[in-house]
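Input: a single structure, listed below in structure tokens.
Computed from the coordinates by the stated procedures, all read-outs in this text should not be read as laboratory data. Computed from a prediction, not measured in an experiment: that's the story for all the values here. With ideal geometry, Cβ positions are generated from the backbone for all residues, glycine too; neighbour counts draw on all protein chains shown.
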Amino acid sequence: MKLTDPAQTLAALLRCPSVTPAEGGALTTLAAMLGELGLSNDRVTFSDTGTPDVDNLYSRLGSDGPHLMFAGHTDVVPVGDADAWTQDPFAAQIADGEMYGRGAVDMKGGIACFVSALARLIERKGAPEGSVSLLITGDEEGPSINGTEKLLAYAKAKGEHWDAALVGEPTNPDQMGDMIKIGRRGSLSGTLRVDGVQGHVAYPHLADNPLRGMLTLADALMDPPLDAGNERFPPSNLEITSLDTGNGATNVIPAHASARFNIRFNDLWTAESLAGELRGRLEQASRADRLRPGRDPVRYAIEFDSRSSPSFLTRDSALITTLSAAIAEATGRTPKLSTTGGTSDARFIKDYCPVVEFGLVGKTMHMVDERVALNDLESLTEIYEIFLERWFASAGAR
């Protein structure tokens with residue numbers, strides 16, 4: 001295998017069926033590649049009650065100097081209906097200039113490009129004057145309990161320290177060079193339960209339909225909007241993702257109703273302040289009687305998930321400027337600096353060092369026929385190589 005060719009490195013990774021939480025040979029394959037480049041490899045498995053064991057990989061080149069981390073994951077989501085794919089999802093087949101496979105975009109492609117960029121730099125100039133590490137998990141698409149968060153703590157306990165990090169998630173909406181992620185919104189999930197009184201639909205005065213109360217409370221959660229956003233982040237957004245009564249009959253008023261929701265919030269909020277805002281809205285709305293005239297206040301309970309994610313914003317101008325310049329040189333585009341999208345493992349890394357995200361075009365991630373243009377693989381490899389060289393040059397000068 002020619003490690004300087006991102007198509008070859010990606011093909012080797014795609015042929016490993018590493019559907020969360022299975023390692024599928026992906027970390028073994030990656031470790032072999034990195035070993036050829038002179039990196040030392042540390043494989044570690046983490047466990048936790050109620051979650052599957054997960055294999056992880058930490059690899060490092062160099063022992064001192066400025067230290068750059070590349071972070072990512074080799075686990076992928078399930079393929080879904082395999083018969084709906086036009087190409088084998090684990091065969092790395094090429095058609096019309098695109099390589100097909102689950103994980104081609106999210107995010108084995110980013111890992112492959114970084115490996116090839118590092119290989120090209122080493123071949124052209126030798127190892128960087130500093131240290132490069134790869135922190136790769138098999139748990140990003142899963143519960144994210146036995147992956148990056150624990151691997152960071154494990155590495156730090158062994159004396160590792162990083163000056164900056166690059167996460168290779170697919171960040172570009174339409175074409176290479178569109179967007180760098182310099183932060184992420186926070187995430188908070190919860191469950192709202194409303195209690196009523198079961199009864200016959202023909203005798204509603206003898207019952208108390210919890211859905212009437214649920215509609216009132218759900219409306220209060222979503223309106224008015226939580227905020228209008230700011231120059232750093234888009235508006236915070238609450239979405240109700242499920243509504244259930246456990247009732248299969250059309251002539252029975254249910255006894256209970258529950259709703260699940262998730263909020264992606266900006267830096268105007270913390271999980272605690274947001275929970276307080278929602279509790280206040282619910283308490284006030286519970287006394288509204290438009291849908292329940294003459295009734296006592298709605299009986300409800302709200303519970304927030306214990307694992308929330310805070311919002312964050314990276315302010316390391318040298319890191320952002322160096323990556324932006326590399327993108328501009330390789331593509332001729334000036335990337336937008338964005339905090340949009342969902343959460344990523346950058347939310348764990350930001351506690352250890354400044355972190356940005358940049359990878360492939362994300363149009364087909366998680367879809368049937370996930371695929372990446374071979375031209376984009378080459379473009380991202382070029383960007384990463386320029387970035388590596390310039391980051392170490394600037395870090396050494398600081």
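Legend: calculated FRET efficiency, Asn230 to Gln8, from the Cβ-Cβ distance at R0 = 45 Å, rounded to 0.05, equals 0.50.
Simple spin-label estimate for Met222 and Ala95 gives 3.8 nm between the two label positions (7 Å along the Cα-to-Cβ direction from each Cα).
Could you check what % of the DSSP bridge pairs in the chain are antiparallel, to the nearest 5? Rounded to the nearest five, the antiparallel share is 70 percent. For region 121-181, the alpha-carbon radius of gyration amounts to 1.44 times the rule-of-thumb value 2.2 N^0.38 Å expected for a compact globular protein.
Can you give the local net charge around Asp227? Use residues other than it whose beta-carbon is closer than 15 angstrom to its beta-carbon, Lys and Arg +1, Asp and Glu -1. Result for the local shell: 0. Within region 271-394, all pairs of alpha-carbon atoms sorted by distance into 10 Å bins from zero give the percentages 10, 26, 25, 15, 13, 9, 3, 0.
The string of couplings for region 234-243 from the Karplus curve (6.51, -1.76, 1.60, θ = phi - 60°) is x, x, 5, 9, 10, 10, 7, 9, 7, 9 Hz, one whole number per residue in order, with x for Gly and Pro. In the chain, the calculated helix contribution to ellipticity at 222 nm averages -9500 deg cm²/dmol per residue, counting -39,500 (n - 2.57) for every DSSP H run with n ≥ 4. For region 58-99, the fraction of C-alpha pairs farther apart than 15 angstrom is 65 percent. With both labels modelled 7 Å from their Cα along Cα-to-Cβ, the Asp64 to Arg193 distance reads 6.0 nm. Note on Val368 and Leu291: their simple-model spin labels are 3.6 nm apart, each label 7 Å out from Cα toward Cβ. Just so you know, the Rg over Rh for region 242-331 is 1.24, from Cα atoms, with Rh as the Kirkwood radius. If the chain linking Ala22 and Glu283 were pulled fully straight, counting 0.36 nm for each residue of separation and taking away their Cα-Cα distance, it would gain 89.5 nm. Listed by chain and number, the lysines placed with their C-alpha closer than 28 angstrom to that of Lys350 are Lys108, Lys150, Lys156, Lys158, Lys181, Lys336, Lys363; residues fewer than eight positions away on the same chain are left out. The convex hull drawn around the Cα atoms of the chain, when projected onto a plane and averaged over every direction, covers 22.0 nm².
Convex hull volume per residue, computed on the Cα atoms of region 186-304, equals 91 Å³.
Would you mind ranking Lys150, Lys350, Lys2, Lys156 by Cβ crowding within 10 Å, fewest neighbours first?
Neighbour counts put them in this order, fewest first: Lys2, Lys156, Lys350, Lys150.
Each Cα pair under 8 Å and six or more residues apart adds its separation to the average, and for the chain the resulting relative contact order is 24 percent. Across region 186-304, the relative contact order, built from alpha-carbon pairs under 8 Å that are at least six residues apart, equals 40 percent.
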